[in-house]
Amino acid sequence: MKRLDSKLLPFVLAGLQILGISALLVTQPLEYISTIVLIVSISGIFLGIWSLWTMRKSRLNILPDIRKGAVLVTSGPYYLIRHPMYTSLLLTFIPLFLNHPTGFRLGALIVLISALVGKIRYEEPLLRNHFPEYQSYTRRTWKMIPWVY
């Protein structure tokens, strides 16, 4: 099987991420969301907002490519987690899935998680090559889930 063109891969990964998020949002029933699900999901949203606020100085990009003029951000949530925006998506959408699990929603969650892991696997070598200090940063941080991954 031929590998996906490296110029196309960032767009495919971002598209799959958007597809997974959209499918989970569209199929989320609003009549009942448990309190714990709501608390964890809102925590994920706040982590995402904090990550975006912290990342603002680095030329944010939904594609897993490094923009011209980007800086390595290691403060805020990036002090502990290298990809806290991806973590925020997990904190937001895994509880929503568990609140209303269906086969379709499981597929959407798998697409989302696969896209996030794919983006990390694509992005990390770029970051290592672009930022000399990235290697030491990876030794003291977690990719997405503290003490796990």
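Return yes when LEU24 is closer than 28 Å to THR141 by Cα and within 17 Å of the chain's Cα centre (by Cα) and no when it is not. The answer is no for LEU24.
What number of residues within the stretch 7-18 satisfy the criterion of being open to solvent by 60 Å² or more (accessible area, probe 1.4 Å), part of a helix (DSSP H, G or I) and more than 25 Å from GLY76 (Cβ to Cβ)?
Looking only at the stretch 7-18, we keep the residues that are open to solvent by 60 Å² or more (accessible area, probe 1.4 Å), and these are 7-8, 11, 16, 18.
Filter once more, keeping what is part of a helix (DSSP H, G or I): 11, 16, 18.
Still in the running and more than 25 Å from GLY76 (Cβ to Cβ): 11, 16.
Number satisfying all stated conditions: 2.
Screening the stretch 87-109 for residues that are within 14 Å of the chain's Cα centre (by Cα) and touching a residue at least 60 places away in the same chain (Cβ under 8 Å) and picking the one that is farthest from GLY44 (Cα to Cα) gives LEU109. If the condition is being in a helix (DSSP H, G or I), of a type outside the set (Gly, Ala, Ser) and surrounded by fewer than 14 Cβ atoms within 10 Å (Cβ to Cβ), then the stretch 19-44 contributes LEU25, VAL26, THR35, ILE36, LEU38, ILE39, ILE42.
How about the stretch 50-95: which of its residues are open to solvent by 50 Å² or more (accessible area, probe 1.4 Å), assigned to a helix (DSSP H, G or I) and under 21 Å from ALA115 (Cβ atoms)? If the condition is that a residue be open to solvent by 50 Å² or more (accessible area, probe 1.4 Å), assigned to a helix (DSSP H, G or I) and under 21 Å from ALA115 (Cβ atoms), then LEU52, LEU91, ILE94 are the ones that fit.
The values are calculated or read from the model by the stated rules, or taken from the named source; none is laboratory data. Everything quoted here is computed from the prediction, not taken from an experiment. Heads up, the Cβs are rebuilt from the backbone with ideal geometry, glycines too, and the neighbour counts pull from every protein chain shown. The protein model used for the area step is the full one, side chains on, heavy atoms only, and it has no ligands, DNA or RNA in it. Shrake-Rupley method; radii C 1.70, N 1.55, O 1.52, S 1.80 Å.
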